[in-house]
Amino acid sequence: MIEILNGGARVEGVPLAEIAARYGTPCYVYSRAALENAYHAYRQALADRPARICYAVKANSNLSILKLFAGLGAGFDIVSGGELARVIAAGGDPGKVVFSGVGKTRAEMQEALAAGIHCFNVESASELEHLDAVAGALGKRAPISLRVNPDVDPKTHPYISTGLRSAKFGVPFDTAIELYRRARALPHLEIRGIACHIGSQLIDPQPAAEAAGKVLELVDILAKEGITFSHIDLGGGMGIRYRDEPVLPVADYLAPMLDRLVGRKELLLLEPGRSLVGNAGLLLTRVEILKHGAEKNFAVVDAAMNDLARPALYDAYHEIVKVGAGPSQADAPPVGGSEPGLRARGGNDVGAGGAAPIATRRYEIVGPVCESGDFLGHDRELALAEGDLLAVLSAGAYGMAMSSNYNSRPRAAEVMVEGTEMRLIRRRETLAELLADELPLL
């Protein structure tokens with residue numbers, strides 16, 4: 001698991017300082033044990049009913065992570081043809097794939113039909129028509145469900161709220177019956193299920209349970225018209241602890257939803273992403289420059305908003321802890337670990353050879369990108385020196401997956417830790433690779 005222990009910070013049995021020394025910074029680091037334990041928590045919570053866990057690939061699409069989940073028996077929730085290609089390359093079963101997203105292209109539909117995916121989660125009346133035409137041209141029938149918008153407030157950040165009436169996602173609840181009738185009449189569609197997904201980083205289980213109840217009411221109404229389903233897809237979105245959120249164990253979070261499903265025979269699909277990978281990863285970064293000003297102190301690190309966009313995009317909080325001293329200092333101070341993710345517990349920083357303690361200050365943790373919005377954390381109380389190694393915690397989800405090359409910065413390396421072994425699962429990009437696909441103007 002990911003821990004910070006007395007005598008040095010480690011992921012499982014590997015010191016973070018060794019990872020930084022071998023692979024450089026910025027660098028994403030994942031714990032295989034944490035990934036597996038998160039998946040098994042879902043499996044155990046769903047043990048009493050027919051269910052499939054479809055990992056939401058958008059959270060973290062590294063091929064090694066996809067291969068790990070495929071080996072555990074997971075299906076996959078995808079939102080693009082590129083994600084489908086990744087699942088197949090990682091050895092995932094296309095027959096366990098659900099394809100969500102509001103803007104599937106005809107080419108993506110063709111690729112998914114050729115691969116034999118389990119289901120398209122259709123999100124508009126127009127998409128029904130497009131998919132019927134594409135399937136007909138291929139001589140196939142496209143398996144579909146409608147992603148129904150239950151108009152339930154998920155009580156989360158507005159940018160990751162997807163189940164309200166005003167959202168771009170899904171079809172309106174009050175039009176779903178007529179759209180299912182239309183789908184039944186189209187010759188190249190096969191109705192398999194119904195889906196909903198109300199948002200991400202959900203802490204309170206009641207909105208998800210409320211949405212499930214509304215979906216099940218619709219299922220029963222449609223059954224009276226002879227429209228029945230082999231599966232019910234209730235989405236994902238369970239949140240993780242970034243700071244002090246009152247996160248429930250998986251079984252407790254799912255319990256109110258599962259109570260609504262007692263006695264039902266349909267296969268349950270769930271689409272967790274963040275809750276499987278978020279606290280299984282961190283971002284390693286090193287302090288390059290300290291700037292002490294009259295109003296603010298800045299710690300300029302070598303990671304930036306292009307490496308981890310969530311703080312700039314959502315004003316999201318990630319805990320940041322010192323996990324290694326610079327070359328002129330003693331080892332990192334004693335700190336402690338707790339689940340989930342990394343949690344610092346204090347300790348005093350001293351200079352090398354018993355020198356005077358390094359002053360603790362409140363820092364803005366910022367990157368070198370030329371934007372005022374380039375920050376990883378505000379007002380963090382740390383004792384820092386240039387060269388210190390920091391860990392940005394809870395960065396396994398929507399970290400590397402959302403990274404970019406802004407300011408012509410190569411993307412970070414990714415490392416998987418298993419016990420006392422570390423393995424590079426994505427090498428750091430080079431500047432030559434960034435330039436290779438561009439053509440000079442003649």
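The values are calculated or read from the model by the stated rules, or taken from the named source; none is laboratory data. Everything quoted here is computed from the prediction, not taken from an experiment. When we count neighbours, we look across all protein chains shown, and the Cβ atoms used for this are built from the backbone with ideal geometry, even at glycine.
Overview of results
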| quantity | calculated |
| --- | --- |
| Residue that is surrounded by the most Cβ atoms within 10 Å (Cβ to Cβ), among those in the stretch 287-317 that are among the small types (G, A, S) and in contact with a helix residue (DSSP H, G or I) (Cβ under 9 Å, 6 or more places away or on another chain) | A304 |
| Yes/no for E123 being closer than 25 Å to E414 by Cβ, of a type outside the set (A, V, I, L, M) and surrounded by 16 or more Cβ atoms within 10 Å (Cβ to Cβ) | no |
| Where R22 falls short, out of the listed (1) farther than 26 Å from S124 by Cβ; (2) crowded, with 19+ Cβ neighbours inside 10 Å; (3) not hydrophobic (A, V, I, L, M, F, W, C) | (2) |
| Qualifying residues in the stretch 1-43 (those that are of a type in the set (K, R) and within 15 Å of A280 (Cβ to Cβ)) - the one modelled with the highest pLDDT | R32 |
| Lone unmet requirement of (1) crowded, with 22+ Cβ neighbours inside 10 Å; (2) part of a loop (DSSP other than H, G, I, E, B) for R49 | (1) |
| Residue in the stretch 106-113 that is more than 17 Å from the chain's Cα centre (by Cα), buried (at least 21 other Cβ atoms within 10 Å of the Cβ), among the small types (G, A, S) and part of a helix (DSSP H, G or I) present | yes |
| G396 surrounded by fewer than 19 Cβ atoms within 10 Å (Cβ to Cβ) and farther than 17 Å from A312 by Cβ | no |
| Count of the stretch 420-442 residues which are surrounded by 11 or more Cβ atoms within 10 Å (Cβ to Cβ), of a type outside the set (A, V, I, L, M) and closer than 14 Å to V11 by Cβ | 2 |
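Okay, residues lined up against (1) within 14 Å of the chain's Cα centre (by Cα); (2) without any contact (Cβ under 8 Å) to a residue 24 or more places away in the chain; (3) within 25 Å of A211 (Cβ to Cβ):
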{"residue": "D233", "(1), (2), (3)": "no, no, yes"}
{"residue": "G236", "(1), (2), (3)": "yes, no, yes"}
{"residue": "Y253", "(1), (2), (3)": "no, no, yes"}
{"residue": "R260", "(1), (2), (3)": "no, no, yes"}
{"residue": "L268", "(1), (2), (3)": "no, no, yes"}
{"residue": "E288", "(1), (2), (3)": "no, no, no"}
{"residue": "F298", "(1), (2), (3)": "no, no, no"}
